[in-house]
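Here's the structure, in C-alpha cells; my notes come after.
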Amino acid sequence: MLADVLGPAGQRSLDEPGQWFSDVADDGTPLEFSLAFDHAKEPTLRLLTEAVGADPGKYANQLAALACLDSWRDRYHLSTERLDRVRDLFLPDDNQGLFSMWLSLVFRSSGLPRVKVYFDPEAQGPHRAGDLVAEGLRRMGLGAAYPTLLAHTGRPDRVGGDRFSFFALDLHEDSASRVKVYVSHRDGTADDAVLAARAVPGVDDDEVREFVAEIGGPGPFDSRPLISSYTFVDGDTDRPSGYSLYIPIRAYVADDAVARRRVGRLLDRYGYDASLLDAAIAVLTDRSLSSGSGLIAHVSLRFGAGVPGVTMYLSSEAYAVAPPRPDAEALVALSDGGGRRRVDA
Ligand code: TRP
C-alpha cells in the first residue's frame, strides 16, 4: 500500500530531494507513523500519507490518491460513497489549501487494513472553511452539530484564531465509519482545549488540563497549535461523541529524550507499556534521542466514553533530523523538574 501511495517517488533514493515537500511531516516526507494504544491486545499501527503524483502538485497528488483508492476498493472493501458526497466541496481542481487529500492507513494485528481520508477545509480558501465544514457535516446527516462546534471553539468559521484544519472520513463499508473534524487552536491555551472538550459529554476538565501540562508543559502554545478533534459515529446528531486532543510535543521540548520522558509518564499513568514505544522508535532510528527533535511529533489522548486512548506520532526522519532546540525549553515544563519557570520578558 505504501508503494502505491508513494508512486514513482518511492523508487528514488533518499539522497535525492523530494519533488514534493509534504506537510505530513516536518522534513517533507509524505509519511508519518503513529502507534495507538487503546488497551486492545496489540497497539494499532497507522501511516499518515500523501500520495505523490508523477509530476507532483496538489491536483496531481489528488488524482494519485483517488487512483490508490480505486485500486484498493475491492481488495480492502472500501466504500467511497461518503467521499463522493463531499467531493465537490473539498476537492476543487484549484485547491487553495495546504494539500488536497491525505490517506491514513490503519493496521491492526488481524483483519484488513482500514483507510481514512483527510481533506483541507481551506480547499476553497480560508474564508470558506466554516462553510465547507458546515456543509460537509450536513451531507453526513450531522448538520445540527455545527453550531455545537462553533459554541465550543474560538469561532473557527472566522479567519484568525481557531481554524478548521482537517475534515476526515473513514472509508470502510460498515456503519462504524466515522466523520472527524479537527480544529487548531492557534496561540491556544489549556482553557481553549477545555472549552473544546466540553462539546462532548463526559470529558473531565482536569484530565484535559493534566494532559496538556504533562505533555506540552505550561504553554503558551504559540509555536505549533494544540489541535482538537471531534468524532462522529452513526447515531450522532447534534454533538460529537468523541473528543481527542493532539499536542505537537516537538515544538515544546528541547529534544526527543525530553519528549520520551514526558510520554513515558503519560503511558504509565494510563497503564500502557512504554517498552512498545521504545521498540517502535528502535525500528525507526538508531540515533540517540537527545541528538534531535521531532521524532515524537505529536501525542494525542482520546477522552470521554470508552478507554482513554493514547497515540504517539512518529516521524520517519527519512530526509532529515531536526536538531535539538534548547530555546523551546526556555518554556520549561513544570513536569520536567526543578520548578523552573518560564523565562520570558
Ligand atoms: N504535519 C502537520 C502538523 O504537524 C500535519 C499532521 C501530521 C498532524 N500528523 C498530525 C496534525 C497529527 C495533528 C496530529 O500539523
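If you count, for each residue, the other Cβ atoms within 10 Å and average over each peptide, how do 218-225, 244-251, 7-14, 264-271 line up from highest to lowest?
Details: 218-225: 17.8, 244-251: 23.5, 7-14: 12.9, 264-271: 14.9.
Final packing ranking: 244-251, 218-225, 264-271, 7-14.
Rounded, prolate or oblate: which fits the stretch 1-150, taking a ≥ b ≥ c as square roots of the Cα gyration tensor eigenvalues, rounded meaning a/c under 1.5, else prolate when a/b beats b/c?
Numbers: a/c = 1.67, a/b = 1.18, b/c = 1.42.
Oblate, since a/c reaches 1.5 and b/c is not below a/b.
With label points built 7 Å along Cα→Cβ from the Cα atoms of V307 and K41, find their separation and express it in nm.
A separation of 1.3 nm, rounded to one decimal place.
Please report, as a whole percent, how much of the solvent-accessible surface of the chain comes from carbon and sulfur atoms (probe radius 1.4 Å). Before the final figure, lay out each step's value.
Values: 7460 of 14550 Å².
About 51 percent, which is the carbon plus sulfur part of the accessible surface.
Which one, A279, S293, P218, projects farthest toward the positive side of the charge dipole computed for the chain from Cβ point charges (K/R +1, D/E -1)?
Looking along the dipole axis, the top candidate is P218.
Length gain on complete extension for the stretch D74 to L276, per 0.36 nm per residue less the alpha carbon to alpha carbon distance? Walk me through the numbers before you get to the answer.
Working: separation 202, 0.36 × 202 = 72.72 nm, distance 3.27 nm.
Result: 69.4 nm gained on full extension.
What FRET efficiency comes out for the pair L14/T237, r = Cβ-Cβ distance, R0 = 56 Å, nearest 0.05?
Values: r = 48 Å, r/R0 = 0.85.
Computed FRET efficiency for L14 and T237 comes out at 0.75.
Quick one: which of 63-73, 44-54 comes out on top by average Cβ neighbours within 10 Å, and what's the full order, highest first? Kindly include the intermediate steps, with their values, before the conclusion.
Values: 63-73: 17.7, 44-54: 20.7.
Top of the packing list down: 44-54, 63-73.
In the Gaussian network model of the chain, springs joining C-alpha atoms below 10 Å, which of L112, L301, L149 carries the largest mean-square fluctuation?
Per the Cα network of the chain with a 10 Å cutoff, L112 tops the list.
For the chain, with only Lys/Arg (+1) and Asp/Glu (-1) charged at the beta-carbon, what is the dipole magnitude about the Cα centre, in debye rounded to 20?
Numbers: 37 positive and 51 negative charges, 87 e Å.
Magnitude of the dipole: close to 420 debye.
Report the extension gain between S291 and S109 in nm, rounded to one decimal, defined as 0.36 nm multiplied by the number of residues separating them, less their alpha carbon distance.
On the way: separation 182, 0.36 × 182 = 65.52 nm, distance 3.23 nm.
Additional length available on full extension: 62.3 nm.
How much accessible area per residue does the chain have, in Å², with a 1.4 Å probe?
Details: 14550 Å² over 345 residues.
Counting only protein heavy atoms, the per-residue value for the chain is 42 Å².
Modelling each spin label as a point 7 Å along the Cα-to-Cβ direction, I'd like the D94/A318 distance in nm, to one decimal.
Using points 7 Å along Cα→Cβ, the separation is 3.2 nm.
The values are calculated or read from the model by the stated rules, or taken from the named source; none is laboratory data. These figures come from a predicted structure and were not determined experimentally. Virtual Cβ from ideal backbone geometry, glycine too; neighbours counted across all protein chains shown. SASA here: full protein model, heavy atoms, side chains in, ligands and nucleic acids out. Shrake-Rupley method; radii C 1.70, N 1.55, O 1.52, S 1.80 Å.
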